[in-house]
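Some notes on the structure that comes next.
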Amino acid sequence: LCWQGGYPRIYDHDIPATTFYQSYLATYVERDVRQVKNIGNLDAFTRFIRICAGFIGQTINKSTLASAAGIDRHTADAWLSVLRTSHIVYTIQPYFRNFKKRLVKSPKLYFRDTGLACTLLGINAPEQLLTYYQRGAIFENFIFNEVSKSFYNQGLAPPLFFWRDNAQHEIDL
């Protein structure tokens, strides 16, 4: 399930996941992104999405994302906004009781569909996922998606947070 993802069309029409996600990505980049924001360099945007997939479950450092993609920080910020607006990615905010004592300020990055993330990461078969170095982050992403769906199915916004202290002890959800 983590590798194949959750788009109904894959299951309804018995489409191989790799075929579906390659077509989905091409359509998303070539058509949908241009409608949301006129992005001139589609190759750089595609590279940026792939880099974001490599940061699943990590706190967002826009400077690091920008540097890895060969773009500036403001462009990375704008492109993350496009990905959030088009429901490709979402962020989870850190939990804190006192705003002034919040230890981690940056949200964590997750994909709405782990099948798409796997495709972006070049994982072409479920067996590859078993030995992939980020399989734990992909599984974490999958669990976040399932918990989110349970709230959305009840008509509720999912109250998801993560917690990390100054010693790097963390509770993912």
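The values are calculated or read from the model by the stated rules, or taken from the named source; none is laboratory data. Keep in mind the model is a prediction, meaning the values are calculated, not measured. Reconstructed Cβ throughout: ideal geometry from the backbone, glycine too, with neighbour counts over all protein chains shown. The protein model used for the area step is the full one, side chains on, heavy atoms only, and it has no ligands, DNA or RNA in it. Shrake-Rupley method; radii C 1.70, N 1.55, O 1.52, S 1.80 Å.
At-a-glance table
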read-out: Breaking point among (1) aromatic (F, W, Y); (2) open to solvent by 30 Å² or more (accessible area, probe 1.4 Å); (3) touching a residue at least 40 places away in the same chain (Cβ under 8 Å); (4) in a helix (DSSP H, G or I), for W79; value: (2)
read-out: In the range 33-49, residue modelled with the lowest pLDDT [restricted to those that are within 17 Å of K62 (Cβ to Cβ) and not hydrophobic (A, V, I, L, M, F, W, C)]; value: K37
read-out: Within the range 33-63, considering residues that are out of contact with any Phe, Trp or Tyr (no Cβ under 9 Å at 6 or more places or on another chain), open to solvent by less than 40 Å² (accessible area, probe 1.4 Å) and not small (G, A, S), the one nearest to Y110 (Cα to Cα); value: I60
read-out: Flag for A17 being open to solvent by 40 Å² or more (accessible area, probe 1.4 Å), of a type in the set (A, V, I, L, M) and in contact with a Gly (Cβ under 9 Å, 6 or more places away or on another chain); value: no
read-out: Any hit, the range 106-126, residues being open to solvent by 90 Å² or more (accessible area, probe 1.4 Å) and free of Cβ contacts under 8 Å to residues at least 24 places away in the same chain; value: no
read-out: Any hit, the range 148-170, residues being of a type in the set (K, R), surrounded by 13 or more Cβ atoms within 10 Å (Cβ to Cβ) and touching a residue at least 40 places away in the same chain (Cβ under 8 Å); value: yes
read-out: Lone unmet requirement of (1) aliphatic (A, V, I, L, M); (2) open to solvent by 20 Å² or more (accessible area, probe 1.4 Å); (3) under 15 Å from G5 (Cα atoms); (4) part of a loop (DSSP other than H, G, I, E, B) for A137; value: (4)
read-out: Contacts under 9 angstrom Cβ, first residue in the range 12-26 being in contact (Cβ under 8 Å) with a residue 12 or more places away in the chain, partner loosely packed, with under 12 Cβ neighbours inside 10 Å, 6 or more apart; value: T18/A125; F20/R9; F20/H13; Y24/R9
